[in-house]
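The values are calculated or read from the model by the stated rules, or taken from the named source; none is laboratory data. Keep in mind that what you see is a predicted model, and the values were worked out from it rather than measured. Ideal geometry is used to build each Cβ from the backbone, glycine not excepted, and the neighbour counts take in all protein chains shown. Ligands, DNA and RNA are stripped out before the accessible areas are found, and what is left, the full protein with its side chains, is counted by its heavy atoms. Shrake-Rupley method; radii C 1.70, N 1.55, O 1.52, S 1.80 Å.
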Amino acid sequence: MSLHWTLFRGMLAEEWRLHTELFGGRRFAVFPLLVTVLAAGTAWFLSLTEVTVATVAAGLHGLAFAFGLHTGSIGFVGRDAMENLLGDITMLVFSGRTLPVSRRTLLSVFLVKDIVYYGVLFLLPLTVAVAPLAYARDPALLARLPLLWATTTATFLFGAAVTFAFVGLSTRGLPGRVVGLLAAAAVGLAWAAGVDVGGATPYALYADPSLATAAIAVAPSVAFAIVGLYAYDPSVRSGVRTIDAAFGRWRRRLGDDTGLWTKSLLDLHRSSGGIWKVLFSGGVLFAVSAALIFLTESVTGVEPSIGLSFGAILGLTAFTTYNWLTQFDDPDDYLIYPVGVADAFAAKFRAFLVLAVPNGLAYFALAVVWFGADPAHVAVGAVLLVGIELYLFGLTVALAGLQPNEFLFDSVLFAAFGAAVAAALVPVLIVSLVVTPVSTTLLGALAAAAVLLGAVGVAVYRRAVPRWEQRLLA
């Protein structure tokens, strides 16, 4: 048995054990089926509109690229976060100093493993889910689904390779970072100048399959992967940082009796990326919101309400913010301190209000200034944003407590979370994206619904805390 095959099998088993350990044990195995069902339901809903298979395919490629960027960052720079969750661990990709295997061999096998693992576990279900829409539009389009799977998987590789290359360059100090920034600037300038940047991506192969487009589509992924293989050093870690005694100063300024609120903010501040990663998460959602809103406008021909639509979608920043605030917590650790479990949740709630609400409103204001919006819609959109954030906070606490990471891939909990989010968000999005004009009566109803959602979220949070306290103390 070859070395590469042995490493590949070991890394696949390692990835599976990592996910089942983090995300609900055996129930994680059902997650691809859940993805298929949810995506197929979405495709069926789209079949009732005028949306085309080509539009859905373009969206899937964009999703695969974003997923690749995210997965690449976890695989190569998320080691500290995994150690916080699982304890001291050694992954095969980081074992170049302990095994008689070259670093480049480990990294190349790791990339192939990611392509196979995520291509089968996530991208294949998404591709299968397009079948109902393809059949409804033109049964002949079903024959293109294998190509769609191949190109979305290649797009995933493209995203992972881009992250891999930039992370690799960053391990080479300032010169590497400068090279990365110059490359990113060059791509941005080319796009601004009207160059068809998308023509050098795997999506071009799906749109126009040929040997020429295949070569052009694959070349950037190979180039980025080669840069990453030669530049990346898994042994490089962040240098030791000197931290001043800020706890007492922060606690006095915040007027924090228990110190737990201060601890939550300091944990986030001192983690990799600091509080900036909350802003970054909001920025990603802002970009996704803009793309979704204007894609919907191009499909339906209806001008969406900027205030209402951005307010509704940016409310989703609640989950990412709460996720960052709890990423470094082990609920059992609170049991050794002279504080109650309810105090820990109250501290998270206060930290959430300080971070999530201003972050969401800041990007909402950016959307309003950039794209323009009716003042009445802006006012209702701001109320919607805060109401949805509070609703999602309460919902997340009820389902996941202090460990929201662990239920993302738990099929049962994720299905419940998705259903509850959809019940609140879908009606609002329908109104904001396809109803025009929005009457004053409907605006008032949306404002009242937003206040109700916020109240429900706070009520659910308060009811959930005693249950989690009882469970943790059992």
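Of note:
- HIS269-ALA140 FRET efficiency (beta carbon distance; Förster radius 60 Å; 0.05 resolution): 0.60
- The phi-based Karplus calculation (6.51 cos²θ - 1.76 cosθ + 1.60; θ = phi - 60°) puts the 3J(HN,Hα) values of the stretch 303-315 at 6, x, 7, 4, x, 6, 5, 5, x, 5, 6, 5, x Hz, whole numbers, x for Gly and Pro.
- Normalised per residue, the accessible area of the stretch 326-470 is 44 Å², obtained with a 1.4 Å probe and no contribution from ligands, DNA or RNA.
- All lysines inside 21 Å of LYS348 as judged from Cα atoms, apart from same-chain residues fewer than 8 positions distant: LYS263, LYS277
- The accessible surface of the stretch 312-431, taken with every protein chain in place and a 1.4 Å probe, is 73 percent carbon and sulfur.
- Per-residue packing, averaged as other Cβ atoms within 10 Å, sorts the ranges 369-380, 176-187 into the order 369-380, 176-187, beginning with the highest.
- Here the stretch 140-197 has 80 percent of its accessible surface on carbon and sulfur atoms, given a 1.4 Å probe and all protein chains in place.
- Segments 213-226, 106-119 sorted - mean Cβ within 10 Å per residue, highest first: 106-119, 213-226
- Accessible surface area normalised per residue over the stretch 170-232 is 60 Å², counting heavy atoms of protein chains with a 1.4 Å rolling probe.
- Residue order by solvent-accessible surface for VAL302, VAL227, VAL412 is VAL412, VAL227, VAL302, largest first, with ligands and nucleic acids left out and a 1.4 Å probe.
- Solvent-accessible area per residue for the stretch 94-135 (1.4 angstrom probe, square angstrom): 41
- Summarising the label geometry, the points placed 7 Å from Cα in the beta-carbon direction at ASP333 and ALA287 lie 3.1 nm from one another.
- Packing, taken as the mean count of other beta carbons within 10 Å per residue, orders the peptides 136-147, 54-65 from highest to lowest as 54-65, 136-147.
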